[in-house]
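Below: the structure, in structure tokens.
The values are calculated or read from the model by the stated rules, or taken from the named source; none is laboratory data. On a predicted model such as this, the values are computed, not experimentally measured, just so you know. Counting neighbours? That spans all protein chains shown, and the Cβs are built from the backbone with ideal geometry, glycine included. Ligands, DNA and RNA are excluded from the accessible area calculation, which covers all protein heavy atoms including side chains. Shrake-Rupley method; radii C 1.70, N 1.55, O 1.52, S 1.80 Å.
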Amino acid sequence: MERLKADVVVIGAGVTGTAVARELARYQLKVFLVEKHPDVACGCTKANTAIVHAGYDATPGTWKAKLNVRGAAVYPQVCRELEVEFKPTGSLVVALAEDQVPHLYELLNRGYVNGVPDLKVIGRDELLAKEPYVNPKAVAALWAPTAGLVNPWGLAIAQAENAAENGVEVLLGAPVVGIDVTDGLVTAVQTPDVIIETRYVVNAGGRYSDEIARMVGQDDFRIVPRKGEYYVFDKRFGYMANCPLFPVPTAISKGILVTPSVDKNLLIGPNAQDQEDKEDLDTTAEGLQEVLSEALTMMPDLPVKDAITNFAGLRAVARPSNDFVLGPAPGVPNFINAAGIQSPGLTSAPAVAEVVRDYLQMAGLELKGKKKFNPFRKGIVTFRDKSHEEQARLIQEDPRYGQIVCRCETVTEAEIVQALNRPIPCTTIDGVKRRTRAGMGRCQAGFCTPRVVEIMARELGLSWDEITKKGGASRLLLGQTKCSAAVKGAGKDA
Amino acid sequence: MRSIKYDVVVIGAGPAGLAAASRAKAMGVKRVLLVDRDREPGGILQQCIHNGFGLHLFKEELTGPEYAYKFIEESYASGVEFLMNTMVLTIQPDRQIYAINRKVGMLKIEAQAIVLAMGCRERNRGAVTIPGSRPSGIFTAGTAQRFVNMEGYMPGRHVVILGSGDIGLIMARRFTWEGAKVEGVFEIMPYSNGLNRNIVQCLKDNNIPLHLSHTVTKVHGNERIEAVTVSQVDEHFTPLSGSEQVIPCDTLLLSVGLIPENELSRDAGIHIDPVIGGPVVTDEMETTLAGVFACGNVVHVHDLVDNVTRESWLAGEGAARLVLGQQPTRDLVTTKAGSGVRYVVPHKIHVENLATRTTTLYLRVLQPEENVRVELVSGTKSLFSVHQRVVRPAEMVSINVPPKRITATAGEELMVRLVREGDKA
């Protein structure tokens, strides 16, 4: 068993863990980021509403309230540094009846207490001018200009890449199977392949953060996943919403909303269903129906027939607090939790990273700045959003830009090759999809799958039938045809 | 950026594009260019290695590649120029085309006439909303066909097929021949959506059961698909509780319909008929954007390639007539789907053409019927009718109206409807 030495081990490479890893990369520290999946951003990060919330929703005084506002404030800069898509669209909470209007003022007041800037209640005319496709029965709305849209997995990938470029070691496919604690201090983190001796551990284990905490004896919270289901619609209808449109919220959820995505798809969801199973990401007929009928209340002309996919995500809700669980485990001062990070967890991620850094410092970790830290990360150079002149130049520089692989999303071979050769290894079809959007369009990978598999096999030195969708047993192809196998066999004999 | 000029530019070198290009050339157009994103012309026919193509046109049972080859050969021989591995990015309303390939980079192509022949794509899981998990092993039938027939790989060994579209039926047989086990074909409608000959030759001959009024209601398995739940549905397509049955499998194939691929057309501002998913066209196959023609599956989904070819000849002729200054006078009648009919193509017919050539109307019926008349009426007046012994939604009906058989005046509306024999209309 290989033994490694670290100052800090961050467990979990979702948007929170990668934010923490990038934050710690600023200092002279040996940091490991360990993730059980074959890629980063495979848990809650890959399936959520992808919104940077303004922060009027959370109960004042909670971590959620504090970190949401701080997170939203730093998002534009973080996304600029990391070349991640961020759109400062603002957001609206729409009152569809007069009796909902008082709720808008409640949210306005709560937002004021939480320090959310520039909130205001707008009337029907202003609302319909901003959002012509909203239900015309709407009477008023709360306008929150600091909200926005982000690509959540894009952010996690970018944070991980930037962390790696600044010296953080990223171990993928490395589930934590045990944590050694001696005299009330964590001494090592075990994975099946390596033992990392470490001075500090950060628990950003998402849905499994309670189980990670139990490895050091902490048993005062548990994660109850809350499922949310979504529909995604064809990009062609992205114009129907200019910003996230929330209904008036309920006790457990911000409600089923209609929102554009950074990539101009229309997205509706999520519902909210508490469950015990941490792996159950099934969509259900009932859940999808609920999402659809509520979204239709917000937008009666929703292009129901042009849904291109549906999915479910899990929110890692911590019981009993229902708040983020941040700080050292009781009695284990060098084990810092960043757990229970559910909505507005994506928004809060950059702020959570700062809080975790401060807790580490309070626990005795010396933070000496690294002179060479480079906060900037260059993304994959995309083809689709360029002018014809720029596109012509790209093809001249690299002819692989002249080969469209995914026609729905206009993704070129050059982009796929880049995705497969970056600081964080990308080894799955879903990984390529999240980095390039190949397969995310209206045909949902019908046309591009054979081409993507071909490029992956070539770049990764694998045979076609070794390529997986998402690691493990998710192989796409189960062997060769009779003829093809026979021909190959004949070749070998000759 | 390289700039080139052509008389007619055809986008898509499948059966539609090949027929349109070679016909335009045969009509006397000087410079005809075929642009296609794939490595070789032929389109989806190249992966359709089964036979049965060309039965109507050539009285032969050709394979897809054989059928394509006839037209590839003809196009080359007639002097059509090919630009392969080239993707069209945009079509501007002034008929300037921007396209890319790795050799030349960005190309600007100016065309006097454009023929859209981009074909269609398959409806997928998202479009039909199958609940459950999202493992690997779920393929549209056409993607599976490409893997098996062109790449030599097996998507799976233990297969359930949802939808009785023709590609699904063909693949049921193909998988069986490869030694895979096909559990059955499940079709939500009370009737099959494939051609009758495919039901017989692909399913019955291989003892593969077809379950009508059934659908997949859940996908199981987190990494690779492990099973599906199938349920019987009532007349409103609602799953009947208690009818659920879990079928273990490693592959789910979807053959649940095709969608004309009109992103380029839409972006160019061409009017799309929502019923067919393709451009509104005249009998010259001209779209609402002057000088832009369309044919084949980009207009409406065909079940026989022979009909695609026939329709595409019209588009090639139409484009040629525009280039050569021989377009008919712009007096048009409109067509309309009446009772029992889902749609009629073309949407508009030149009055002049009704007098000078046979006019073919393509239509699909709403439900299976026996012993009917397809009738063309104007107001209350029956103009033309033909008897059909059986009509089914899965089989396109074509009606040939001989020259001078009917007369009409510009602006008149011709309705096409089904009348049961014996019924008075």
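Output the residues of segment A:427-465 meeting this criterion: accessible area (heavy atoms, 1.4 Å probe) in the chain alone minus accessible area with all protein chains in place is 30 Å² or greater. Buried by 30 Å² or more upon assembly, which counts only protein chains, are A:ARG442, A:CYS443, A:GLY446, A:PHE447, A:PRO450, A:ARG451, A:TRP464. Sorted largest first, the spans of the alpha carbon positions of segment B:226-308 along the three principal axes are 56, 27, 26 Å. Solvent-accessible surface (1.4 Å probe) assigned to B:TRP177 amounts to roughly 140 Å².
Segment A:98-160 and segment B:133-208 have Cα centres spaced 48 Å apart. With contributions of -39500 (n - 2.57) from each DSSP H run of at least four residues, the per-residue ellipticity at 222 nm computed over chain B stands at -5500 deg cm²/dmol.
Relative to the Cα centre, the charge distribution of segment A:1-110, modelled as +1 at Lys and Arg Cβ and -1 at Asp and Glu Cβ, gives a dipole magnitude of about 500 debye. Grouping the Cα pair distances of segment B:145-290 into 5 Å bins from zero gives a pair-distance distribution of 2, 9, 16, 16, 16, 12, 11, 9, 6, 3, 0, 0 percent in increasing distance order. Using bins of 10 Å that start at zero, the share of Cα-Cα pairs per bin across segment B:67-129 amounts to 16, 35, 34, 14, 1, in whole %. The overall shape of segment A:374-436 is oblate: from the C-alpha gyration tensor, with semi-axes ordered a ≥ b ≥ c, the ratio a/c is 1.5 or greater and a/b is no larger than b/c. Counting, for every residue in B:134-145, the Cβ atoms of other protein chains within 10 Å of its Cβ and taking the mean gives 5.
Surface calculation, 1.4 Å probe, protein heavy atoms: B:TYR343 sits at approximately 10 Å² accessible.
Here segment A:388-493 is treated with +1 on each Lys and Arg Cβ and -1 on each Asp and Glu Cβ, and its dipole about the Cα centre works out to around 440 debye. DSSP bridge analysis restricted to the protein assembly as shown gives an antiparallel fraction near 65%, rounded to the nearest 5. Taken over segment A:288-414, the alpha-carbon convex hull comes to 212 cubic angstrom per residue.
Based on Cα contacts under 8 Å between residues 6+ apart, segment B:1-148 shows a relative contact order of 30 percent. For the residues B:GLU261, B:GLU413, B:GLU235, a GNM of chain B with alpha-carbon springs under 10 Å puts the largest fluctuation on B:GLU235. The fraction of accessible area contributed by carbon and sulfur in chain A is 52 percent, rounded to a whole number (1.4 Å probe; ligands and nucleic acids excluded). Chains B and A together bury some 4500 Å² of accessible area, summed over both sides, with a 1.4 Å probe.
Pull out a ≥ b ≥ c, the square roots of the eigenvalues of the alpha-carbon gyration tensor of segment A:115-218, then state rounded if a/c is under 1.5, prolate if not and a/b is larger than b/c, and oblate in the remaining case. Write down the numbers at each step before the final one.
On the way: a/c = 3.58, a/b = 2.70, b/c = 1.32.
Prolate.
Scaling against 2.2 N^0.38 Å puts the C-alpha radius of gyration of segment A:344-412 at 1.87. Put simply, the amide H of B:PHE82, placed in the peptide plane, has neighbours under 5 Å in B:LEU34, leaving out anything fewer than 5 places away on its chain. At 1.4 Å probe radius, can you tell me the per residue accessible area of segment A:388-493 in Å²? Value for segment A:388-493: 39 Å² per residue. Membrane-span-like helices in chain B (whole DSSP H runs, Cα extent of at least 18 Å along the helix axis, mean Kyte-Doolittle hydropathy of at least -1.0): B:64-78, B:305-323. Against the compact-protein benchmark of 2.2 N^0.38 Å, the Cα-based radius of gyration of chain B scales to 1.02. If you find the alpha carbon centre of segment A:196-226 and of segment B:265-331, how far apart are they in angstrom? So the two Cα centres are separated by 62 Å. Computed in the context of the full set of protein chains, the accessible area of chain B at 1.4 Å probe radius has 49% of its extent on carbon or sulfur. The relative contact order of chain B, computed from alpha carbon pairs under 8 Å that lie at least 6 residues apart in sequence, is 15 percent. Semi-axes of the equivalent ellipsoid for chain A, computed as √(5λ) from the eigenvalues of its C-alpha gyration tensor and ordered from largest down, come to 35, 32, 21 Å. One quarter of the surface of the convex hull around the alpha-carbon atoms of segment A:388-493 equals 8.4 nm², the direction-averaged projected area. Only protein heavy atoms count here; on that basis, with a 1.4 Å probe, B:ARG420 has an accessible area of about 120 Å². For segment A:1-149, what are the per-bin percents of Cα-Cα distances with bins 5 Å wide, up to the bin holding the maximum? P(r) over segment A:1-149, rounded to whole percents: 2, 9, 14, 16, 16, 13, 10, 7, 5, 4, 2, 1, 1, 0. Residues whose amide H lies under 5 Å from that of A:GLU85, counting only those 5 or more places away or on a different chain, are A:ASN151; hydrogens are built 1.01 Å from N in the peptide plane. Computed from phi, the 3J(HN,Hα) profile of segment B:405-418 under the Karplus parametrisation 6.51, -1.76, 1.60 (θ = phi - 60°) reads 5, 10, 10, 8, 10, 3, x, 5, 10, 9, 9, 10, 9, 9 Hz, with x in place of Gly and Pro. Legend: mean number of C-beta atoms from other chains within 10 angstrom of residue C-beta atoms, peptide A:395-401, equals 3.
Residues whose amide H lies under 5 Å from that of B:HIS271, counting only those 5 or more places away or on a different chain, are B:VAL280, B:THR288, B:LEU289; hydrogens are built 1.01 Å from N in the peptide plane. Once the partner protein chains are put back, segment B:149-173 shows a loss of at least 20 square angstrom of accessible area, versus the chain by itself, at B:GLU151, B:GLY152, B:TYR153, B:MET154, B:ARG157 (probe 1.4 Å, ligands and nucleic acids excluded).
If you sort the three axes of the alpha carbon gyration tensor as a ≥ b ≥ c, you get a/c of 1.5 or more for segment B:95-159 and a/b above b/c, which makes it prolate. Computed 3J(HN,Hα) for segment B:276-286, one whole-Hz value per residue from the Karplus formula 6.51 cos²θ - 1.76 cosθ + 1.60 where θ = phi - 60°, is 9, x, x, x, 5, 10, 8, 6, 8, 6, 8, glycine and proline marked x. Per-residue 3J(HN,Hα) values for segment A:320-332, derived from phi via the Karplus relation 6.51 cos²θ - 1.76 cosθ + 1.60 with θ = phi - 60°, read x, 6, 6, 10, 4, 9, 10, x, x, 5, x, x, 10 Hz in sequence order (x marks Gly and Pro). Across segment B:268-425, the relative contact order, built from alpha-carbon pairs under 8 Å that are at least six residues apart, equals 22 percent. Note that segment B:123-241 presents 35 Å² accessible area per residue, ligands and nucleic acids not counted, probe 1.4 Å. In chain A, helical runs assigned H by DSSP with n ≥ 4 each contribute -39500 (n - 2.57); averaged across all residues and rounded to the nearest 500, the mean residue ellipticity at 222 nm is -9500 deg cm²/dmol. Per the Kirkwood treatment, what hydrodynamic radius in Å, one decimal, follows for the protein assembly as shown from the mean inverse distance over all distinct Cα pairs? With all distinct Cα pairs of the protein assembly as shown included, I get 29.9 Å.
Which order do you get for B:MET189, B:MET106 if you rank them by accessible area with a 1.4 Å probe, largest at the top?
On the way: B:MET189 45, B:MET106 5 Å².
Reading off the accessible areas and sorting them downward yields B:MET189, B:MET106.
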